[in-house]
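Working notes for the structure below.
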Amino acid sequence: MCMNEYKKAFEHFFGKSMGLSRFSLLTLIALLVSATGASAQHPNHPVCQKIANHQLQASAGAQMYCFGRQPNGPALPLLKLPSPSSISGKGSGSTFSTTNVDAGNRLEDQNNGTQAYGQSETSIAAAGPYVVEAWNDATGFYAPCGSPNNKEELTGFAFSSDGGNTFTDMGGLPNADCGNFLYEGDPSVEVYQVGGNTYFYISSIFIPLTTPANDIAMTACQVVPGSPATLSCGQPIVAATSSECETVSTFTFCSFLDKDFLSIDPVHGKLYVTYTDFGFVTHPDDVDLAVCDLSNPAAPVCHNGSGAAPQPAYLTLASSSVCEIEGAYPAVDPATGDVYVGHESNWFTNQFAPCNTVPVQDVVHYVPASCLTLPTASCSGPAATTAVNIVSTDTTLIAGYNRGTGNDFPRLAVSSVNGTVSMVWNDTRSNPLADVLLQSFDLVSLTPVQTAPVKLNNDSASGTLHFLPALRNTDAQGNLNVSWYDRRLSPSSALTDVFAALGVNPRTTGTPKSNTRVTNVSSNWLVVSSDITPNFGDYTDNYIGSASGKAPTQIFAAWSDGRTNDPQPFCAHQGLK
């Protein structure tokens, strides 16, 4: 499909050409949600028809504009699935020592007699006995503004005060202004302990209903000690806003912010947010960084985001006018305060001219702490950049995954102990359903540590799915702990588990001898009901937490699980050596 076809579709809709890039045009579809509301449906629009025919990829906002909620996958009887004791000889090693816990409460997924299906794109953070998990929550499709527990918000969350053994589903993120703005998912969670207090930060896409600007916002929550402890959360804090707006006829639209993720610098008291800004002529497709000052941890002050849109980004790390860049992800070196940001370059557009002659890459940027001054950055971009050519899953059909094809967004972690920043992603170069690969780089210089990426899944069967790896921070030894979706127990089916490679030295050159099974029950992605596309999200998460302020000693894994025929936000944890 060529650029002109997309332009003609939008000319048909708007009555004139706006001279925008292909993905900027798609952005406008997502932005129309602001004016029409998420319940509007326009399946006959030419762009919507192309989405339905799998001729292009677009955001969840575009999906809502075109199709509203998207119920799919009628529930069927659960199959008899493999037990944990039946996995010997399949490259599994051991299993997690703790049970799998559903962080959500399905009774919270109901409103006015309607059951919602779908909690996906999970994120998690932990400190001591406190754990917060957040997710995309389909309940918001059915709940009006002012619903109990803020159910109208499409970002849900839960709190645990006993180390992840049990959770309290707290509904949607608090938002007293839900008549004008709504949280729309893509959550990320971080945690900060200072002055004897524990604070959690939960970010998400923040969609306006009455104004054209698009934001990333977050909620600051403080743990209130007690028996049991509780979580007190404030109102939305805008962390980033649209970089530009444009008016066509009487309609004003602004750039669309997508795929936010958080990383924290506890030494310097800063919280970083990365995201993609889908814009127009000035900023057609940017990977941006925002920063929040935690001097008052209960009320962070963020840059950009302190005024009305449009606003220039605090720092732009990459820009593309033709080939899509997406999936921004940050990591902080706690020893220096330096920031590293990864993203995928030429995702999805690699299938069309002119981007079909451009390599697909996962990219890493280095930003020194000296650049990250407040309120404005003292530099104009990264100090160093490197990239790895990858073989994408964006044409790989994944059974039971209702988006159809995958992404290869990188996940990063800094190991100050080993002097490395490491990147993991799923890659089809040796396996048509992807392996999980690792590539580490020396800090600052970004010189590759390994001569070639290292495979982390230790099973060898080609055609077995390994998908959506998670990596956040390192353990006390500076080692990596990576988890992912995995189908090694039944490679020819959609039975899905979560596996992990634990205690991986970032300078390793060999595949780990064993992997660990995180799930204690497989879920069949072909028999789940869901109101969300994608039904199991496009990322998983994990977090290395500490106990009572000590060195990081536990891994907390978070994923969307279909064992109940309804994607639910699960968690499991295990002590690390």
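Bear in mind these aren't lab numbers, they're just calculated from the coordinates by the rules spelled out. These figures come from a predicted structure and were not determined experimentally. When we count neighbours, we look across all protein chains shown, and the Cβ atoms used for this are built from the backbone with ideal geometry, even at glycine.
Points to keep in mind about this one:
- Label point distance in nm, T376-T230, each placed 7 Å from Cα along Cα→Cβ: 4.4
- Approximating the spin labels as points 7 Å out from Cα along Cα→Cβ, the V417-to-S445 distance works out to 2.3 nm.
- Net lengthening on full extension, Q477/A176 (0.36 nm per residue, minus Cα-Cα): 104.0 nm
- For V301, nonlocal amide neighbours, meaning residues 5 or more places apart or on other chains whose placed amide H falls under 5 Å from its own, are D293, S295, N296.
- FRET efficiency, 1/(1 + (r/R0)^6) with R0 45 Å, evaluated for N520 and N72 via beta carbons: 0.95
- Separation between Cα centres of the range 105-160 and the range 226-274, rounded to whole Å: 18
- Summarising the label geometry, the points placed 7 Å from Cα in the beta-carbon direction at A335 and L107 lie 5.0 nm from one another.
- Using θ = phi - 60° and Karplus 6.51 cos²θ - 1.76 cosθ + 1.60, couplings along the range 231-242 (whole Hz; Gly, Pro as x): 10, 10, 10, x, 8, x, 10, 6, 9, 7, 9, 3
- A cut-off of 5 Å between modelled amide H atoms, ignoring neighbours fewer than 5 places along the same chain, links D285 with G279, S320.
- Taking amide H positions as modeled 1.01 Å from N, with prolines and chain starts lacking one, the residues under 5 Å from S530 and 5 or more places away or on another chain are N72.
- A Förster radius of 35 Å, combined with the Cβ-Cβ distance separating A369 from T553, puts the computed FRET efficiency at roughly 0.80.
- 3J(HN,Hα) along the range 312-319, derived from phi through the Karplus expression 6.51 cos²θ - 1.76 cosθ + 1.60 where θ = phi - 60°, amounts to x, 5, 4, 7, 9, 9, 7, 8 Hz, with x in place of Gly and Pro.
- The alpha carbon centroids of the range 419-460 and the range 303-374 are separated by 19 Å.
- L397/Q115 FRET efficiency (R0 35 Å; Cβ-Cβ; nearest 0.05): 0.75
- Applying a threshold of 27 Å to the alpha-carbon distances of K151/K270; K455/K577; K513/K577 flags K151/K270 as lying beyond it.
- Using the Karplus relation 6.51 cos²θ - 1.76 cosθ + 1.60 with θ = phi - 60°, the per-residue 3J(HN,Hα) values for the range 263-271 come to 8, 10, 10, x, 5, 9, x, 10, 10 Hz, with x marking Gly and Pro.
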